[in-house]
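The next block holds one structure in the form of structure tokens; read it before the comments.
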Amino acid sequence: MTNTGTNIDINMPKLKRCADYIRYLSLECIEKAKSGHPGLPLGCAELGILLYRYILRYNPKDPKWVNRDRFILSAGHGSMLLYSLLYLAGYNGFSLENLGAFRQLGSNTPGHPEYSLDEGVETTTGPLGQGFANAVGCAVEGKILAQRFNEENFELFDYTVFALMGDGCHMEGISYEAGSLAGHLGLDNLVAIYDANDVSIDGHMNITFTEDVGKRYGAMGWHVEHADIGNIPDVFAKLKKLKDMRQGKPKILILKTVIGEGLNKKRNTPDIHGAPAGIDEIVFFIRHSEIRDIFEKKYGKEAAEEENRLSNIMEARLREKKPLDDSESAAFMREILDESRQVYDKWKQKLEAYKEKHAEKHDVLTKYLEFTLPEKLQTKLLNYEHGKPDATRGISGRVLNLCAGYLPQLVGGVADLAGSTKANIKEPGEKEIPYIQRDMFFNRNIAFGVREHAMGAIGNGLALNNVMIPFTSTFFTFFDYMKPAVRLAALMKLNHLFIYSHDSIYVGEDGPTHQPIEHLNALRVIPGIYAFRPANDFETAFSYLYFLQHRNGPAAIITSRQKVPGTGYPTSNSTDRQELYNQFKKGAYVFYETAGTNEPDIILSASGSELPLALETAKLVEEKDNKQVRVVSIPCMELFSKADEGYREQLFTPGKPLVLIEAASHRSVNLFYDPRIILVDIESFGVSAPGKTAGEHFGFTVDKVYQRIKEAL
């Protein structure tokens, strides 16, 4: 036993054995997969044990426990470390068979961790720095819940978020953005651990990254500690100190490690970062490790003494379905479970007592934890009407605040553009936006500053636990800055609402740098996200309603800077909102058609602010050419693509000319459009001019669209 000075004795022999077992699991499973990143798991094995055996508060039998400590592997390439720890800690989703299927089709041990709260994986990581920003979001959530629900003697929410980062995480710009905001907000429930092994794929850090990371974090308002993995008692003492310290600063432990620890020639080299170690290195490790005896028990004592024989054994092992068991290591890791269950049970008892003493707050908390969309809000969204011309960004802002009145868990913010995107929550008559600030987490707006990438990933962090409903917002052209976070939200099916404004050339005078062209279809091609481009008040409200009802992934609501007409109802539906919403959920619907039409001569379709243009052009065709017309609104291409073929043909009658009007580029797909489709879009960057002038320049006027139709037909 080693006394750490923290009233906890660490069993060093058992810890070293367990660390070597994790190394063995990582080496064999990666070798079997013929790909992977063994360097980090080998270098951080002891760290992982300290966290899961001594520091973290969790319950494998209830992995979604809302007050559990979170561990996020931001350096997601080191996934075998996480999988090994979850197996040893007793999570039901991980067995030796699961580990043996590392990186194989259909396994729950993919190359990089994939979000599964049921199995103890807090978030999907891999793109470096994303997990760190997710951790910031988790910490913000913890602060919000604590300030809203904790009472004297009832500290329901006091969890700590840990994030393990590598050199690459710190080189990615998102770590600067997220770290800066965390320091500003004083997130003292956040602990970052920097695996400072000074090696990346291309070489040692002296060729790419020589800044003083400690001073950088100190400048951002973090508390900084240093340790060396060779001094386990010191590492433990500092981890314990950082977890317990709540002094208004996030904390980082800069931990000196050795990549590929335990190997021979590849130890502390770039060769072990992202490739299997090879049989020779594994044999060397086994012969010099604390788990040599599990091979001796299985294959005989002489097997571990003879290199050639051990090499043959390892070659054969790669054909086995699972690595060797070490019950001693598993038992050591699971010694903590009884104590963990006691902590968990006490929390549950505290929650029951809270229910008695603070019944009203408990009822609110239950609504957070067991989400049900209020019927009154559904009715109001279904029947929402603004009734006068306005930009859809303004309508969106009103609808957001309508939702906020019923959903206190709706929180979010804007990247320094709140007055422009209108995505902020204010009480009626309130002039100033009430922002979350240090020690003021009861508010609902986050001032993200000009940090779009971190904003998206922090919003994802807020969504991970399915308690808060986050929204994040900026100009649509700056979607480029946050696309990696949007992609991960879709991959994880997070309930994260992205609100984008200034959606086209009608931005106007700011010019081509601020006018989205390719962005609409770049967003649409991301699997798993619904991109809504509403044309009016009820389509905007329906977009929010769909997102809140379905809760099966993220959505983006893309809004205009310029005004659109007031409420205009489709002639086929009059004011039957439920029927209209049923059609909206299919992604497109008939907005207008010539009276008495059985089969139109021409169909005009559009999304967003181009719908009025399609309508006016259709009426001109009616008037001048005596043609029967149909106008189709397409607020969500993704939903329309999933509608049954019969419905799509009902709207787009086969064989009839079809006009598609969108102030966006369709370059990637327009070569494959049916020849009968007349595409009115934009294939160049925008121009600096008033919005109306820009629209005229690109042919978005009734006369020019009408002329395009005449020429094409």
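Figures for the structure shown
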| item | result |
| --- | --- |
| Total charge dipole magnitude, the chain, about the Cα centre, Cβ charges on Lys, Arg, Asp, Glu only, Debye to nearest 20 | 700 debye |
| Net length gained if the chain between Asp62 and Glu155 were fully extended (0.36 nm per residue, minus Cα distance) | 31.5 nm |
| Label selected from [x] 0.99; [y] 1.04; [z] 1.10, the criterion being Rg/Rh (Cα atoms, Kirkwood Rh) as computed here | [y] |
| C-alpha long axis of helix 232-244 to longest principal axis of the chain, angle in ° | 40 degrees |
| C-alpha long axis of helix 392-406 to longest principal axis of the chain, angle in ° | 60 degrees |
| Estimated 222 nm signal from helices in the chain, with DSSP H stretches of n ≥ 4 weighted -39500 (n - 2.57), rounded to 500 | -12500 deg cm²/dmol |
| Low-density loop cleavage sites - trypsin sites (Lys or Arg not before Pro) in region 471-540, where at most 15 other Cβ are within 10 Å (DSSP) | Lys493 |
| The chain, relative contact order [Cα under 8 Å, separation at least 6], % | 11 percent |
| ³J(HN,Hα) computed for each position of region 418-426 - Karplus, 6.51 cos²θ - 1.76 cosθ + 1.60, integer Hz, glycine/proline x | 4, x, 9, 7, 6, 8, 8, 9, 9 |
| Global geometry of region 2-159, whether rounded, prolate or oblate, following the gyration tensor of its Cα atoms and the 1.5 cut on a/c | oblate |
| Packing-based exposure ordering (other Cβ within 10 Å, fewest first) of Met245, Met468 | Met245, Met468 |
| Value of relative contact order over region 375-564, rounded to a whole percent, pairs C-alpha under 8 Å and six or more apart | 27 percent |
| Qualifying trypsin sites (Lys or Arg not before Pro) in region 401-479, DSSP loop, other Cβ atoms within 10 Å at most 13 | Lys431 |
| Per-residue HN-Hα couplings for region 86-92 [Karplus 6.51, -1.76, 1.60; θ = phi - 60°; Hz; x = Gly/Pro] | 5, 5, 5, 7, x, 6, 4 |
| As computed over region 587-712, the Cα convex hull volume per residue (Å³) | 110 Å³ |
| Proximal charge balance of Glu683 [Cβ under 13 Å; K/R count +1, D/E count -1] | -2 |
| Hydrodynamic radius of region 169-272 per Kirkwood, over alpha carbon pairs, in Å | 14.7 Å |
| Difference of contour (0.36 nm per residue) and Cα-Cα distance, Gln349 to Glu579 | 78.0 nm |
| Rough spin-label spacing in nm, given labels placed 7 Å along Cα→Cβ, for Ala359 and Tyr673 | 6.3 nm |
| Angle in degrees between helix 12-33 and the longest Cα principal axis of the chain, rounded to the nearest 10 | 50 degrees |
| Radius 15 Å from Cβ of Gly43, net charge of other residues (Lys, Arg +1; Asp, Glu -1) | -4 |
| Förster radius 25 Å - calculated FRET efficiency between Asn598 and Glu385 (Cβ-Cβ, nearest 0.05) | 0.20 |
| Distance between modelled label sites at Leu402 and Ser688, nm, 7 Å Cα→Cβ extension | 3.9 nm |
| Loop-located trypsin sites (Lys or Arg not before Pro) in region 294-357, at most 10 other Cβ atoms within 10 Å (DSSP) | Arg319, Lys321 |
| Ranking of Glu711, Glu610, Glu305 by count of other Cβ atoms within 10 Å, fewest first | Glu711, Glu305, Glu610 |
| Separation in nanometres of the label points that stand 7 Å from Cα toward Cβ, at Thr269 and Lys298 | 2.6 nm |
| Translational D in µm²/s for region 375-564 (Stokes-Einstein at 4 °C, 1.567 mPa s, Kirkwood Rh from C-alpha pairs) | 79 µm²/s |
| Sorted by Cβ density within 10 Å, fewest first, the residues Ser668, Ser605, Ser116 | Ser668, Ser116, Ser605 |
| Relative contact order, percent, region 286-363 [alpha-carbon distance under 8 Å, six or more residues apart] | 15 percent |
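Coordinate-derived values only; no laboratory data. Since the model is a prediction, treat every value here as computed from it, not as a measurement. A quick note on method: Cβ atoms are made from the backbone with ideal geometry, for glycine too, and the neighbour counts reach across all protein chains shown.
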